[in-house]
Amino acid sequence: MKTQKLLRKIHYWGSLLIMLQFGVMVSSGILLMLKKQSDWIQPPTQVGSETNDVPVKTFNELFMAVKSIEQTDITKFQDFSRVDIKPNKGIAKFVTKDNWEIQVDTHTAKILSVNRRRSDVIESIHDGSFFSEPVKRYVFLPTGIVLFFMWLTGVYLFFLPRIKKWLKRRT
């Protein structure tokens, strides 16, 4: 079988094989690219009363302020997936395991924002971990590998006729 024909078959069947997973990856990837522009995906970062300064409030005081919010149901520090300190903004972002983001002023412990944070869920859909670790490893990873080979075959199939034409003109 000719190389060009084989590569076309790989390209054809590869696209059929990864069609669904690739659609999920592309659509979630587009949403992730827009996360800073969309408040629905990721809440905008607030600015505290003092920026570019060492936080005045202790971690415990910030935690107690966040714990007082009723809609998040926080009882212990383990309820958070992460805490981001933004010294240049004068805030701390507390992100719960159930995707609430609470932004607190690091100088006054005042709650600046309480919103759903959807970017983490979208990211887990994008990499396949939302479904399960085996799906991530055995479905989404192979999809990425097949997609890479489709890119290689596509580049080859795109440039091959042009190179052949150029070589013909040279002789």
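Each reported figure results from applying straightforward, stated rules to the coordinates on display, with no laboratory input. All values reported here derive from a predicted model rather than from experimental measurement. Here the Cβ is made from the backbone with ideal geometry for all residues, glycine too, and neighbour counts use every protein chain on show.
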Quiz item: How would you rank 110-121, 44-55, highest first, on the average number of other Cβ atoms within 10 Å across their residues?
Solution: 110-121, 44-55
Quiz prompt | Rounded FRET efficiency, nearest 0.05, which uses the C-beta distance separating Phe148 from Asn115 and R0 of 25 Å | solution = 0.10
Quiz item: For the residues Trp100, Trp166, what sequence is obtained by ranking on other C-beta atoms within 10 Å, fewest first?
Solution: Trp166, Trp100
Quiz item: If you look at just the Cα atoms of the chain, how large are its Rg and its Dmax in Å?
Solution: 24.4, 80
Exercise. Pop the C-beta distance of Arg169 and Tyr12 into the FRET formula with R0 = 25 Å and round what comes out to the nearest 0.05.
Key: 0.25
Quiz item: Charges only on Cβ, +1 for Lys and Arg, -1 for Asp and Glu: so what's the dipole of region 1-148 about the Cα centre, in debye to the nearest 20?
Solution: 920
Quiz item: Rounded to the nearest 500, what is the chain's calculated 222 nm mean residue ellipticity when only DSSP H runs of at least 4 contribute -39500 (n - 2.57) each, over all residues?
Solution: -16000 deg cm²/dmol
Quiz prompt | Distance in nm between pseudo-label sites at Leu34 and Leu20 (7 Å out along the Cβ direction from Cα) | solution = 2.5
Quiz item: Which Cα, out of Val139, Met1, Met33, lies furthest along the positive dipole direction of the chain (beta carbon charges, K/R +1, D/E -1)?
Solution: Met1
Practice problem: Counting other beta carbons within 10 Å of each Cβ, put Ser81, Ser28 in order, fewest first. | Solution: Ser81, Ser28
Quiz item: If each residue's Cβ is checked for other Cβ atoms within 10 Å, how do Leu16, Leu141, Leu31 rank with the fewest at the top?
Solution: Leu16, Leu141, Leu31
Quiz item: Which helices of the chain meet both criteria: a Cα extent of 27 Å or more along the helical axis and a mean Kyte-Doolittle score no lower than -0.5, with helices taken as whole DSSP H segments?
Solution: 3-33, 141-170
Quiz prompt | Positive-end residue of Ile74, Gly90, Trp100, charge dipole of region 43-117 with Cβ unit charges | solution = Trp100
Practice problem: Could you calculate the FRET efficiency of Gln46 with Ser132 from 1/(1 + (r/R0)^6), where r is the beta carbon distance between them and R0 is 35 Å, rounded to 0.05? | Solution: 0.50
Quiz prompt | Vicinal HN-Hα couplings computed from phi for region 107-112 (Karplus, 6.51 cos²θ - 1.76 cosθ + 1.60; Hz; Gly/Pro x) | solution = 9, 10, 6, 7, 6, 9
Quiz item: Expressed in nm to one decimal, what extension gain is obtained for the pair Leu141 and Thr3 from 0.36 nm per residue of sequence separation less their Cα-Cα distance?
Solution: 47.1 nm
